[in-house]
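As structure tokens, the structure follows; a few thoughts come after it.
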Amino acid sequence: MNLKSKTDRIENALLEQSYEKDDHGIWISGNRGYWSNLTKSENTDLLSRLDKTNTRDAILKTHPTYENIIFSEKRNAGLELLEIQPGDICIDYGCMWGALTIGMANRGGIVLSIDQTYESLVFLEHRVTEMNLDNVVIAQNDVRRAEFPKLADYAVVNGVLEWIPETGEIDLQNYYGKAVRRERTSENPEKLQYNFLKLVHNSLKVDGTMFLSIENRYDYTQFFGKKDPHSNLLFTSFLPRAISNKISLAALKRPYVNYLYSFKALKNLIVDVGFHDIELYMAFPDYRFPELVLPYARKNVSKYINYGMDGYSWKRISATLVERFLMKKLRARFFAPSIMVVAKA
Amino acid sequence: MKAIIRNCAHGGTSVISVVYDKKGSPAWVAKSSENKAGIKDILQEHEGFQWYANHVSYAPQAEISRQTENYILLQSDYVFGKSGKHNYGLLRNSSLIISAIMHYIAVWGSWSKNAQNLESAPMHGDLSVDNIILNDKGTIFIDWEHFHVSALPIGFDICYLLLESLWYESRTRHGHISNEAIYFIQHCIRLLSKEGCLSKRFMAKPFRSTLDTFIERSELWGNQIYKFPVLKSPIDCIDIIDQRIRESLCLSSGDLIQ
């Protein structure tokens with residue numbers, strides 16, 4: 001099956017679910033949402049510049065600190081755990097600005113990139129055009145409702161699972177660590193995450209592969225004062241969830257829903273969903289910009305090697321020394337900062 | 001299963017992974033890049049592996065297993081054995097360095113028999129102690145990322161190996177370089193020269209010439225030139241060391257070693 005027929009197959013799947021293509025070439029579901037590091041006005045300003053300049057220059061002019069998050073090839077290293085071949089259909093759930101979409105497209109995958117935030121997708125569409133990639137289809141939908149039965153060879157869930165139980169629009173600058181009242185949903189967050197993973201499982205062909213990355217609930221840095229990366233509160237990632245919930249309600253006026261997992265608990269969740277042949281990996285210093293990724297088996301902690309530090313603040317140096325001690329001396333793999341998972345449907 | 005051991009390090013644009021077999025033993029090394037410059041570097045590395053395999057029967061095999069317009073994946077055999085350690089400096093790595101020199105003589109010596117111009121010899125480009133492996137097959141050079149088939153005068157790689165090892169030696173000894181280290185370097189230079197594997201350019205001032213070559217031909221290493229420690233903080237007494245080597249070998253400027 002050639003490239004056109006595979007992109008046609010994806011577009012037919014979108015048409016069957018009543019998506020409509022807009023002037024930007026983005027397939028719209030009608031289920032709008034918002035999750036972004038930028039405010040809506042910042043996004044509007046950013047997009048307005050794209051008629052006159054390219055995406056990288058627009059980011060350098062407006063939000064230079066995001067250049068690496070969006071464009072760095074380091075972000076795609078986790079894709080090396082997969083065997084994406086030219087022509088494989090890949091779904092990027094929660095693609096945002098397209099870091100992993102571009103990585104999969106570069107490998108020859110036919111990529112369906114889904115995100116609820118239209119503004120992010122317009123930016124991604126510009127990136128794809130600049131790079132002359134004709135193997136990316138962009139769709140706007142709430143990923144919890146984006147069902148594509150048995151379509152894909154690969155499904156990527158990169159830094160998304162922990163946000164699944166959130167409701168409402170999220171503009172991180174005015175949400176992260178801020179008291180923004182939200183009501184708890186009737187469903188348990190873990191159940192919501194289970195349902196989402198079930199949807200991902202169903203989107204894969206038989207023996208299709210899911211790649212998932214997430215912070216470790218017991219990331220050692222959380223014990224040393226690094227704040228929960230989703231709530232900006234101390235200790236909430238690893239405390240019993242009932243206690244984290246009380247802390248969150250008191251500090252942020254909303255329940256604690258950004259559930260993280262230990263290696264074992266995450267594996268159990270994924271097994272319950274129906275995945276098999278599960279490979280767990282430890283990612284250092286985190287899954288976003290991994291310098292070292294090791295299989296989770298006990299003997300593999302011995303393969304831990306020193307890697308370059310990003311900056312030389314006393315905090316970074318201390319964290320590095322603690323990490324080296326934990327991994328090299330104590331072989332305490334369960335405290336690794338982030339988890340990557342490769343699993344078969 | 002794989003382990004990702006390096007991700008765009010030293011200003012590079014490639015990801016290096018180790019691929020394990022079903023028993024959990026390393027089977028291959030995989031190197032990939034999505035960057036145009038990185039793709040070019042990996043193609044160059046493949047060329048290096050092929051050149052080396054044409055000259056060494058037990059050289060590791062490498063193949064481009066996947067390539068698109070924006071991505072490349074090179075897989076090469078994982079080489080078991082013992083490599084050197086930078087922090088051992090020069091003298092503690094001496095037997096490895098001698099093995100490397102003998103191997104260099106065997107490979108480049110064989111090349112030089114049919115070569116027309118020894119001033120434009122093939123170059124490994126990063127012959128550090130951790131890129132030299134000793135095993136039951138012999139000595140093996142790995143990591144051919146900076147290979148060029150026709151680049152620099154013969155002997156550059158060994159001069160660099162000695163210079164970098166000396167740099168680490170001086171760091172471990174708080175800047176002090178022993179007479180023993182100087183004698184060892186003399187011995188190495190003499191070995192190379194005797195076998196016709198050292199260009200005249202490096203005979204008179206081995207280390208100053210090596211540093212000058214780096215600077216004059218920096219385009220051969222691109223952005224990654226900044227990873228080489230000898231360039232970040234050169235040894236202070238490099239010219240004195242060159243002079244001692246020259247004096248001990250009874251050389252004046254322009255003379256050949258007999």
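The values are calculated or read from the model by the stated rules, or taken from the named source; none is laboratory data. Computed from a prediction, not measured in an experiment: that's the story for all the values here. Cβ sites come from the backbone with ideal geometry, for glycine too, and all protein chains shown count toward neighbours. Side chains included, ligands, DNA and RNA excluded: accessible areas come from the protein's heavy atoms. Shrake-Rupley method; radii C 1.70, N 1.55, O 1.52, S 1.80 Å.
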Of the numbered conditions (1) surrounded by fewer than 14 Cβ atoms within 10 Å (Cβ to Cβ); (2) more than 14 Å from chain B (Cβ to nearest Cβ), A:R56 fails exactly one; give the number of that condition.
-> (2)
Conditions (1) closer than 24 Å to B:Y168 by Cα; (2) crowded, with 21+ Cβ neighbours inside 10 Å; (3) touching a Ser or Thr at 6+ places or on another chain (Cβ under 8 Å); number of the one not met by B:S99 | (2)
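Could you tell me which of the residues A:Y154, A:Y194, A:Y175 is of a type in the set (F, W, Y) and without any contact (Cβ under 8 Å) to a residue 24 or more places away in the chain? Before you say what the answer is, go through the steps one by one.
On the way: A:Y154 fails: without any contact (Cβ under 8 Å) to a residue 24 or more places away in the chain; A:Y194 fails: without any contact (Cβ under 8 Å) to a residue 24 or more places away in the chain.
Result of the check over A:Y154, A:Y194, A:Y175: A:Y175.
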Determine whether the stretch A:314-334 contains at least one residue that is touching a residue at least 12 places away in the same chain (Cβ under 8 Å) and within 14 Å of chain B (Cβ to nearest Cβ).
-> yes
Scan the stretch B:114-141 for residues that are under 12 Å from B:F80 (Cα atoms) and of a type in the set (D, E, K, R) and jot them down.
-> B:D136, B:K137
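What helices (runs of 4 or more DSSP H) completely inside the stretch B:152-254 contain at least 2 residues that are in contact with a Phe, Trp or Tyr (Cβ under 7 Å, 6 or more places away or on another chain) and open to solvent by 70 Å² or more (accessible area, probe 1.4 Å)?
Working: elements: B:156-172, B:179-194, B:200-204, B:206-216, B:229-232, B:238-248.
Where helices (runs of 4 or more DSSP H) fall fully within the stretch B:152-254, none carries at least 2 residues being in contact with a Phe, Trp or Tyr (Cβ under 7 Å, 6 or more places away or on another chain) and open to solvent by 70 Å² or more (accessible area, probe 1.4 Å).
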How about the stretch A:32-72: which of its residues are without any contact (Cβ under 8 Å) to a residue 12 or more places away in the chain and within 29 Å of B:S14 (Cα to Cα)?
-> A:T53, A:D57, A:L60, A:P64, A:T65, A:E67
Only one of (1) open to solvent by 30 Å² or more (accessible area, probe 1.4 Å); (2) part of a helix (DSSP H, G or I); (3) more than 28 Å from A:I214 (Cβ to Cβ) is not met by A:I69, so which one is it?
-> (3)
Evaluation of A:G25 against (1) more than 12 Å from chain B (Cβ to nearest Cβ); (2) in contact with a strand residue (DSSP E or B) (Cβ under 6 Å, 6 or more places away or on another chain) (one fails), failing number | (2)
Condition test on A:E215, is it surrounded by 14 or more Cβ atoms within 10 Å (Cβ to Cβ), charged (D, E, K, R) and touching a Leu at 6+ places or on another chain (Cβ under 6 Å)?
-> yes
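One line per residue, one yes/no per condition, for (1) out of contact with any His (no Cβ under 6 Å at 6 or more places or on another chain); (2) closer than 30 Å to B:Q75 by Cα; (3) within 14 Å of chain B (Cβ to nearest Cβ); (4) buried (at least 16 other Cβ atoms within 10 Å of the Cβ):
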| site | (1), (2), (3), (4) |
| --- | --- |
| A:D51 | yes, no, no, no |
| A:G78 | yes, yes, yes, yes |
| A:M104 | yes, yes, yes, yes |
| A:Y118 | yes, no, no, yes |
| A:A139 | yes, no, no, yes |
Could you tell me which numbered condition A:T55 fails, if it satisfies all but one of (1) modelled with pLDDT under 95; (2) polar (S, T, N, Q); (3) under 23 Å from the mean Cα position of the chain (by Cα)?
-> (1)
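Inspect the stretch A:88-98 for any residue being within 11 Å of chain B (Cβ to nearest Cβ), open to solvent by less than 10 Å² (accessible area, probe 1.4 Å), at pLDDT 95 or above and farther than 23 Å from A:M282 by Cβ and give the result as yes or no.
At the first step, the residues of the stretch A:88-98 found to be within 11 Å of chain B (Cβ to nearest Cβ) are none.
No, the stretch A:88-98 contains no residue that is within 11 Å of chain B (Cβ to nearest Cβ), open to solvent by less than 10 Å² (accessible area, probe 1.4 Å), at pLDDT 95 or above and farther than 23 Å from A:M282 by Cβ.
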Test for A:G33: is it more than 14 Å from chain B (Cβ to nearest Cβ) and open to solvent by 20 Å² or more (accessible area, probe 1.4 Å) | no
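Quick one: which of A:Y304, A:Y296, A:Y312 is among the hydroxyl-bearing types (S, T, Y) and within 24 Å of the chain's Cα centre (by Cα)? Reasoning before the result, please.
On the way: A:Y304 fails: within 24 Å of the chain's Cα centre (by Cα); A:Y312 fails: within 24 Å of the chain's Cα centre (by Cα).
Being among the hydroxyl-bearing types (S, T, Y) and within 24 Å of the chain's Cα centre (by Cα) holds for just one of A:Y304, A:Y296, A:Y312, which is A:Y296.
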Return yes or no: is A:S231 touching a strand residue (DSSP E or B) at 6+ places or on another chain (Cβ under 9 Å), among the polar types (S, T, N, Q) and either crowded, with 20+ Cβ neighbours inside 10 Å or modelled with pLDDT of 90 or more (or both)?
-> no
Mind telling me which of the residues A:L82, A:L151 ends up being surrounded by fewer than 22 Cβ atoms within 10 Å (Cβ to Cβ), more than 30 Å from A:E187 (Cβ to Cβ) and at pLDDT 95 or above?
-> A:L82
Cβ-Cβ under 8 Å pairs, at least 6 apart or on other chains, the stretch A:198-226 side at positive phi, far side buried (at least 16 other Cβ atoms within 10 Å of the Cβ) and among the small types (G, A, S) = A:D207/A:A345
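May I ask you to say which residue of A:I170, A:I164 is in contact with a Lys or Arg (Cβ under 7 Å, 6 or more places away or on another chain) and either within 14 Å of chain B (Cβ to nearest Cβ) or among the aliphatic types (A, V, I, L, M) (or both)?
Working: A:I170 fails: in contact with a Lys or Arg (Cβ under 7 Å, 6 or more places away or on another chain).
Just one listed residue meets the conditions, A:I164.
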Does any residue in the stretch A:286-301 that is more than 10 Å from chain B (Cβ to nearest Cβ) come within less than 6 Å, Cβ to Cβ, of a residue that is open to solvent by 40 Å² or more (accessible area, probe 1.4 Å) six or more places away or on a different chain, and which pairs are these?
-> A:V301/A:R331; A:V301/A:R333
Got at least one residue in the stretch B:41-57 being under 20 Å from A:I305 (Cβ atoms) and either open to solvent by 30 Å² or more (accessible area, probe 1.4 Å) or at pLDDT below 95 (or both)?
-> no
Index of the failed condition, A:R145 passing every other in (1) more than 14 Å from chain B (Cβ to nearest Cβ); (2) more than 25 Å from A:Y194 (Cα to Cα); (3) touching a residue at least 24 places away in the same chain (Cβ under 8 Å); (4) out of contact with any helix residue (DSSP H, G or I) (no Cβ under 6 Å at 6 or more places or on another chain) = (2)
